[in-house]
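For reference, the structure discussed in these notes is given below.
No lab work stands behind these numbers, since they all come straight from the coordinates. This structure is a prediction, so every number in the text was calculated from the model and none was measured. Positions of Cβ are backbone-derived with ideal geometry, glycine not excepted, and every protein chain shown enters the neighbour counts.
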Amino acid sequence: MDLHLEELIMKITDFIKSEAKTDTVVGEPFELGEFKCVPVIKVGMGFGSGGGEGTEAKGRRGEGMGAGAGVGIEPIGFLVTKEDEISFLEAGKTHGLAAAFEKVPDLIEKLAENRRKEKEMA
């Protein structure tokens, strides 16, 4: 039985590197007024393999092997920056990414409020 486990793991790892990116899962970073928003994801993976061989009393020989892998990719929120301030807006587990998008109006409101303050001070 010839099991090239290292080669298999490298191929799976290369596939995950090319596919498990924030831009393929949730989208590219974007700007909302003065705010820069960067989507953040969580990636988990697991691997398993096994094999065996044997000979029956009648002289028949047999062998078998198997392997499996699993990958989970989940959007968890956004890093939001404005000038030198940074914060994390979490996507709620119960609502997924929708919870982060529910906070977008708050960001817009803060942006408008800051602009009003700047105009009042000028």
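In table form, for the structure just shown:
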{"item": "Distance (nanometres) between label positions extended 7 Å along Cα→Cβ at I86 and R116", "result": "3.1 nm"}
{"item": "Evaluated at q = 0.15, 0.16 Å⁻¹: base-10 log I(q)/I(0), Debye formula over Cα of the range 1-88", "result": "-0.73, -0.78"}
